[in-house]
Amino acid sequence: MSADYHVHVIAHGEYQYSEEWLNRYLERAKQRRIRAIGLVEHDEYRDRVDWDLIKSLRGPELHVACGLEIDFLPGREETIKEMLSQYPLDFVIGSVHFINGWPFDHPDYRQQFASADIDQVYGDYFELMDKMVRCGLFDIVGHLDLIKLWGHRPVIKNSLQYALPVLHSIKATGMIIEINSAGIRKPVREMYPSLDIIGEMFRLGLPVTMGSDAHHPDQVAEDFADISQALWNIGYRRVVALRGRKTFPLPLTI
């Protein structure tokens, strides 16, 4: 299965770093044939990461990398730069979870979709994604089409049409796109991004990594058989992992 570069040990703040808890993640990764794992916390929990513990548990069987997932908001760039200078990061995921202050992926706020212009929402979301890519601060694009989480689809244009300018920006900046399996266990019931977007990514020669968005050890590499097969069918034969914010290839296995 190669790599899982989206694993949250703290989750949404309910867990703590300890040797026993961290080892549960690493053991599950080994059980599921993961060769490289990326431990990544949401930036609001960055001061709760035990960087020394992560370093002490690294071994030859499994490459362990550490990173942050950072919410992109326009105007936050200088704050993000300062944040990145403070930690020993192997990778940084850039994500969009807010549109004009609306946490659209939070269950308590999903009702706003009912009265929204879905095409406008998609347009606003992918415009933010494009700004995130072009700011040059991140290594990995997190869950590229997260906006589909609750199953809402645009009408005027399809998702690929909204995503295409972002893909070209990714091509220009050299970022990596994660194939995130979490959508399979969400209401939309499909990976992020969708197969038609991944097909265009392959045509453009864009590199990929894989991520489960695990918030518990049981979710490490969850549904990776499905996303590995999908990548293979499209034509991918390798994924990338990162160390010291530099990429290295791993063979895609199915």
Quiz item: What is the residue count in the stretch 9-28 for residues that are surrounded by fewer than 17 Cβ atoms within 10 Å (Cβ to Cβ), out of contact with any Phe, Trp or Tyr (no Cβ under 8 Å at 6 or more places or on another chain) and assigned to a helix (DSSP H, G or I)?
Solution: 5
Quiz prompt | Wholly enclosed strands (runs of 3 or more DSSP E) of the stretch 153-254 bearing at least 3 residues touching a Pro at 6+ places or on another chain (Cβ under 8 Å) and modelled with pLDDT of 95 or more | solution = 176-180, 238-243
Quiz prompt | Matching option when the condition is touching a His at 6+ places or on another chain (Cβ under 9 Å), under 30 Å from Val155 (Cβ atoms) and among the hydroxyl-bearing types (Ser, Thr, Tyr), among Ser95, Ser115 | solution = Ser95
Practice problem: May I ask you to list pairs of residues, at least six apart or on different chains, whose Cβ atoms are under 8 Å apart, with the first in the stretch 155-179 being free of Cβ contacts under 8 Å to residues at least 40 places away in the same chain and the second being among the β-branched types (Val, Ile, Thr) and assigned to a helix (DSSP H, G or I)? | Solution: Val155/Ile118; Ser159/Ile197; Ala163/Ile197; Leu167/Ile197; Ser169/Val133; Ile170/Val133; Ile177/Ile170
Quiz item: Only one residue in Phe72, Phe91 is closer than 19 Å to Thr209 by Cα, modelled with pLDDT of 95 or more and among the aromatic types (Phe, Trp, Tyr). Which one?
Solution: Phe91
Quiz item: Can you tell me which residue in the stretch 96-115 is nearest to Gly174 (Cα to Cα), limited to those that are surrounded by 15 or more Cβ atoms within 10 Å (Cβ to Cβ) and touching a residue at least 24 places away in the same chain (Cβ under 8 Å)?
Solution: Val96
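Residue-by-condition table, conditions (1) closer than 18 Å to Pro251 by Cα; (2) part of a loop (DSSP other than H, G, I, E, B); (3) in contact with a helix residue (DSSP H, G or I) (Cβ under 7 Å, 6 or more places away or on another chain):
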{"position": "Lys30", "(1), (2), (3)": "yes, no, no"}
{"position": "Ala36", "(1), (2), (3)": "yes, no, no"}
{"position": "Val40", "(1), (2), (3)": "no, no, no"}
{"position": "Glu44", "(1), (2), (3)": "no, no, no"}
{"position": "Asp47", "(1), (2), (3)": "no, no, no"}
{"position": "Asp52", "(1), (2), (3)": "no, no, no"}
{"position": "Ala65", "(1), (2), (3)": "yes, no, no"}
{"position": "Leu68", "(1), (2), (3)": "no, no, yes"}
Practice problem: Quick one: which residue in Ser56, Ser85, Ser2 is under 24 Å from Asp223 (Cα atoms) and of a type in the set (S, T, N, Q)? | Solution: Ser2
Exercise. Count, please, the residues in the stretch 167-185 that happen to be crowded, with 20+ Cβ neighbours inside 10 Å and farther than 17 Å from Tyr5 by Cα.
Key: 2
Exercise. Select from the stretch 143-166 the residues that are within 20 Å of Pro107 (Cα to Cα) and among the aliphatic types (A, V, I, L, M) and write down the one among them that is surrounded by the fewest Cβ atoms within 10 Å (Cβ to Cβ).
Key: Leu149
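The values are calculated or read from the model by the stated rules, or taken from the named source; none is laboratory data. A quick note: this is a predicted structure, and the numbers were derived from the prediction, not measured. Note: ideal-geometry Cβ built from the backbone for every residue, glycine included; neighbour counts use all protein chains shown.
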